[in-house]
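The values are calculated or read from the model by the stated rules, or taken from the named source; none is laboratory data. These numbers were taken from a predicted model, which means no experiment stands behind them. Don't worry about glycine lacking a Cβ; one is built from the backbone with ideal geometry, like all the others, and counts go over all protein chains shown. Protein only, heavy atoms only, side chains kept; ligands, DNA and RNA dropped before computing areas. Shrake-Rupley method; radii C 1.70, N 1.55, O 1.52, S 1.80 Å.
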Amino acid sequence: ADFTNKEIVSDVNFVKIDVAKDLQGNTITISGAVFNLYKADAAWKQGDVVKDNVESGANGAFGFEKLVPGNYLLIETKAATGYSLPQNPWKITVAADGTVTVTKNNETVTPIPSGGKNVYQIENAKVYSLPESGGPGTYGFTISGVAILATALLLFINEGRKKQRDRNTLIVNGR
């Protein structure tokens with residue numbers, strides 16, 4: 001009898017993309033996001049680091065080679081510039097037969113075939129910032145408003161002085 005042991009390992013490939021599309025409807029890839037991959041137990045508790053400081057490249061791609069069967073947690077530790085940092089990790093399961101399953105928030109991520117391998121897309125949204133309001137047109141309204149308030153204040157003060165002068169005149173004249 002001839003026995004051969006073959007180690008079951010799997011490569012897992014990712015691409016970091018923007019939730020939004022460009023004006024032509026194309027996917028926007030995100031570079032500069034940093035990830036750590038951790039071993040996880042059956043209850044998905046984080047274990048030892050398998051690989052740390054893996055950065056998404058110029059085309060948003062990154063991956064992990066020769067993962068043995070088991071559970072893994074993929075945690076984004078640094079978001080790309082202008083993007084938010086996801087709160088929940090991605091769960092990766094490598095089955096005994098080498099089949100890979102990736103889930104995020106209990107939803108299975110469907111891989112996309114690319115270059116002869118399955119690639120899992122990891123979506124992210126830009127940090128929302130309020131647009132600047134106003135502009136050069138607001139300066140004229142601000143100056144006009146201040147001028148109107150100053151004029152009202154001066155009229156109020158002059159009216160008060162006039163009433164005080166009239167009272168003083170009445171007292172001097174004995175009325």
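The residue that is farthest from the chain's Cα centre (by Cα), among those in region 88-147 that are of a type in the set (Phe, Trp, Tyr) and at pLDDT 85 or above, is Tyr120. Taking the numbered list (1) among the β-branched types (Val, Ile, Thr); (2) under 28 Å from Lys6 (Cβ atoms); (3) out of contact with any Ser or Thr (no Cβ under 6 Å at 6 or more places or on another chain) in turn, Thr77 passes all entries but (2). Among the numbered conditions (1) among the hydrophobic types (A, V, I, L, M, F, W, C); (2) surrounded by 12 or more Cβ atoms within 10 Å (Cβ to Cβ); (3) without any contact (Cβ under 8 Å) to a residue 24 or more places away in the chain, the only one that Ile157 does not meet is (2). If you go through region 91-105 and pick out every residue that is in contact with a strand residue (DSSP E or B) (Cβ under 7 Å, 6 or more places away or on another chain), closer than 19 Å to Asp41 by Cβ and outside any strand (DSSP E or B), you end up with 0. Can we say Asn88 is over 13 Å from Val12 (Cβ atoms), open to solvent by 50 Å² or more (accessible area, probe 1.4 Å), in a loop (DSSP other than H, G, I, E, B) and touching a strand residue (DSSP E or B) at 6+ places or on another chain (Cβ under 6 Å)? Considered against the rule, which asks whether it is over 13 Å from Val12 (Cβ atoms), open to solvent by 50 Å² or more (accessible area, probe 1.4 Å), in a loop (DSSP other than H, G, I, E, B) and touching a strand residue (DSSP E or B) at 6+ places or on another chain (Cβ under 6 Å), Asn88 comes out as no. Just one of the listed residues (Lys39, Lys66) is modelled with pLDDT of 95 or more and more than 20 Å from Glu123 (Cα to Cα), and it is Lys39.
Within region 57-72, the residues that satisfy the criterion of being closer than 17 Å to Val15 by Cα and part of a loop (DSSP other than H, G, I, E, B) are Gly57, Ala58, Asn59, Gly60.
Of all the strands (runs of 3 or more DSSP E) wholly in region 1-56, which have at least 1 residues that are touching a strand residue (DSSP E or B) at 6+ places or on another chain (Cβ under 8 Å), aliphatic (A, V, I, L, M) and open to solvent by less than 50 Å² (accessible area, probe 1.4 Å)?
10-21, 34-40, 46-55
Any residue at all in region 53-74 that's of a type in the set (D, E, K, R) and at positive phi? Yes, the conditions are met somewhere in region 53-74.
Determine whether Val54 is aliphatic (A, V, I, L, M) and closer than 20 Å to Gly82 by Cα.
Spelling it out, Val54 is indeed aliphatic (A, V, I, L, M) and closer than 20 Å to Gly82 by Cα.
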